[in-house]
Amino acid sequence: MQKTSASILFDNKAIVPKEFNKIAEKYDFATRMSQGYQDDLNRSGSLLTLKGDETVIDLCCGTGKSTVSFLSRITSGKVFCVDNSEGMLAVAQDKFSKEIAAGKVEISLQDAMHLNFAPESVDAIFMAYGLRNMPDYDLCIENLFRILKPGGQLVIHDYSLANSWYAKPLWFVLSYGFIVPFCTLISGSATIYTYLAKSVLNFLNPDQLKELLLSKGFTGISIVQHASWRRLFFHSFHAIKK
Ligand SMILES: C[S@@+](CC[C@H](N)C(=O)[O-])C[C@H]1O[C@@H](n2cnc3c(N)ncnc32)[C@H](O)[C@@H]1O
């Protein structure tokens with residue numbers, strides 16, 4: 001049987017950022033249509049305990065919507081907006097032109113699986129809708145642990161289906177019945193949204209993700225649910241490197 005383009009993407013996640021290039025110009029508009037998108041990111045951004053002088057990576061920052069959730073709390077520190085999609089970063093670059101000129105934000109094209117940061121050099125990492133796109137979750141978390149300073153924080157925000165019998169069937173109906181057709185109409189590309197539906201069905205649930213973080217040495221893990229119907233589908237995780 002011939003594979004669909006979404007299945008090809010799922011089997012080779014390293015090319016996911018190239019697919020995001022195709023929808024980069026429409027991404028902010030499409031997410032504005034998604035109820036609570038920025039509110040949920042802001043809730044996760046607020047989990048970061050910040051004094052203002054920290055070095056923070058927004059990993060898989062896309063167009064910078066996740067960066068906005070904590071950027072104003074960085075005063076003398078620095079935020080690295082890291083993504084491997086040139087198109088998504090071009091939108092972020094426009095959005096943060098003032099902060100880039102002031103040296104507060106640096107845009108960086110990098111693969112999240114092969115980060116170019118020194119060991120123990122970073123105070124905090126925010127990763128929104130990123131981990132699910134990694135070809136190897138274990139290796140990714142190990143790498144993040146390595147570049148965080150002792151005491152550093154990791155916040156992960158992603159689709160992670162609640163541990164109840166109806167979360168998966170509901171996601172199936174919502175994603176294939178509404179998200180895929182609607183977002184395809186807005187963005188003109190079905191591949192990335194069909195991939196989204198599939199990758200969520202196959203991602204870790206909150207208990208599994210907590211277990212993964214513990215197994216890589218993180219401590220003090222808290223899990224935050226999001227509002228209304230979204231509590232079934234989205235979770236945020238705050239973890240500390242001891
Ligand atoms: C759904 S978007 C999330 C963007 C942003 N964090 C937000 O909350 O709106 C996922 C992003 O992950 C990026 N991405 C996927 N795989 C990546 C990888 N291996 N390395 C770097 N970025 C990656 C994509 O290019 C895309 O911009």
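The values are calculated or read from the model by the stated rules, or taken from the named source; none is laboratory data. Just so we're clear, the structure is a prediction, and the values are computed from it rather than from any experiment. Here Cβ is always computed from backbone atoms with ideal geometry, including for glycine, and neighbour counts include all displayed protein chains.
Of all residues in region 222-242, which are modelled with pLDDT of 95 or more and surrounded by fewer than 17 Cβ atoms within 10 Å (Cβ to Cβ)?
Within region 222-242, 222, 223 meet the criteria.
Regarding residue 84, is this residue within 15 Å of the ligand (Cβ to nearest atom) and loosely packed, with under 15 Cβ neighbours inside 10 Å? Can you show your working first?
Working: within 15 Å of the ligand (Cβ to nearest atom): yes; loosely packed, with under 15 Cβ neighbours inside 10 Å: no.
The answer is no for residue 84.
Residues to consider are 139, 161; find the one that is touching a residue at least 24 places away in the same chain (Cβ under 8 Å), within 14 Å of the ligand (Cβ to nearest atom) and either more than 22 Å from residue 53 (Cα to Cα) or charged (D, E, K, R) (or both).
On the way: 161 fails: within 14 Å of the ligand (Cβ to nearest atom).
Criteria check complete, one pass: 139.
For residue 101, state whether it is away from the ligand (no atom under 13 Å from the Cβ) and of a type in the set (A, V, I, L, M, F, W, C).
Values: away from the ligand (no atom under 13 Å from the Cβ): yes; of a type in the set (A, V, I, L, M, F, W, C): yes.
In short, yes.
Return the pair list, or none, for Cβ contacts closer than 7 Å from residues in region 49-68 that are under 13 Å from residue 91 (Cα atoms) to residues that are of a type in the set (S, T, N, Q) and more than 7 Å from the ligand (Cβ to nearest atom), at least 6 apart or on different chains.
Pairs found: 61/67; 65/38.
Filter region 65-81 down to the residues that are hydrophobic (A, V, I, L, M, F, W, C) and surrounded by 22 or more Cβ atoms within 10 Å (Cβ to Cβ), then identify the one that is farthest from the ligand (Cβ to nearest atom). Full working, then the answer.
Residues of region 65-81 that are hydrophobic (A, V, I, L, M, F, W, C), as a first pass: 68, 70-71, 74, 79-81.
When the remaining residues are screened for being surrounded by 22 or more Cβ atoms within 10 Å (Cβ to Cβ), the result is 70, 74, 79, 81.
Working: 70: 12, 74: 16, 79: 13, 81: 9 Å.
Per the criteria, the residue is 74.
What number of residues in region 42-64 are near the ligand (Cβ under 9 Å from one of its atoms) and basic (Lys, Arg)?
0
Identify all residues within region 19-41 that are touching a residue at least 60 places away in the same chain (Cβ under 8 Å), near the ligand (Cβ under 8 Å from one of its atoms) and within 16 Å of residue 159 (Cα to Cα); write none if there are none.
If the condition is that a residue be touching a residue at least 60 places away in the same chain (Cβ under 8 Å), near the ligand (Cβ under 8 Å from one of its atoms) and within 16 Å of residue 159 (Cα to Cα), then 41 is the only one that fits.
Which members of region 39-73 meet the condition of being assigned to a loop (DSSP other than H, G, I, E, B), of a type in the set (Val, Ile, Thr) and closer than 16 Å to residue 128 by Cβ?
Step one: list which residues in region 39-73 are assigned to a loop (DSSP other than H, G, I, E, B), which gives 46-54, 60-64, 69-70.
With the extra rule that they be of a type in the set (Val, Ile, Thr), the set shrinks to 49, 63.
Across region 39-73, the qualifying residue is only 63.
Would you check if residue 89 is without any contact (Cβ under 8 Å) to a residue 40 or more places away in the chain and either surrounded by 15 or more Cβ atoms within 10 Å (Cβ to Cβ) or in contact with a helix residue (DSSP H, G or I) (Cβ under 6 Å, 6 or more places away or on another chain) (or both)?
Details: without any contact (Cβ under 8 Å) to a residue 40 or more places away in the chain: yes; either surrounded by 15 or more Cβ atoms within 10 Å (Cβ to Cβ) or in contact with a helix residue (DSSP H, G or I) (Cβ under 6 Å, 6 or more places away or on another chain) (or both): yes.
Yes; evaluated as a whole, the condition is true for this residue.
Search region 1-18 for residues being surrounded by 16 or more Cβ atoms within 10 Å (Cβ to Cβ) and more than 8 Å from the ligand (Cβ to nearest atom), and hand back the single one that is nearest to residue 223 (Cα to Cα).
10
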